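Note sheet for the following structure.
Where a number appears in this text, it was derived from the coordinates with a stated rule and is not lab data. Note that the structure is predicted; figures quoted are calculated from it, not measured. Here Cβ is always computed from backbone atoms with ideal geometry, including for glycine, and neighbour counts include all displayed protein chains.
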Amino acid sequence: MTWPDSSELDEMRRMKDEALAALDQQREVARETSRVWREETTTVTAEDRSMSMAFDGRGELTGITFNGSKYRSMAPAQLASVIVEMVRKGRAESMAKLTAHAPAVPGLDLDGLINGTTDPAEMLEKLLGPMFDGMDNPSSANVRNWFSDDTRKDSRDG
């Protein structure tokens, strides 16, 4: 067995330091995303200023405020339409704040998952599929076996 020389060790240390720095950056991004999730609020107001709605950092409706009595003179269908549109707008604005702070993961469409336009199964296949290429049967049991210590030990030992 040959030990790495000092230049190879220096290169390994540099790579380790870069990896740790990148990990620290991602941790900070994740902390900021968590803060937005917990603490941010969004308020939207109807175009006619008849009401406003408050949303938390996850896009959940937390309050409705009726400004004056204009809403009382609205037809039920008109009032319902205004409420539905405000909920959509408030959720979209909340999610935009969240996704602006979320860590970028190649192949992960966080915005699409949140708003329901991305199929989670298809996204997982896109993210994890390449890892399973070449496996005869990538069932969950085979994947667990493939990653088990015994299997890796056997494949490393040749």
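For segment 12-117, a crude dipole built from +1 on the beta carbon of Lys and Arg and -1 on the beta carbon of Asp and Glu, taken about the Cα centre, is about 140 debye to the nearest 20. When each of the peptides 15-22, 55-62 is scored by how many other beta carbons lie within 10 Å of its residues on average, the order from highest to lowest is 55-62, 15-22. Taking 0.36 nm per residue of sequence separation and removing the Cα-Cα distance, the Val87/Leu127 pair yields an extension gain of 11.3 nm. Computed over the alpha-carbon atoms, segment 12-117 gives an Rg to Rh ratio of 1.21, Rh here being the Kirkwood radius from the mean inverse distance. Inter-label distance, Ser69 to Leu108: 5.2 nm, where each label sits 7 Å from its Cα along the C-beta direction.
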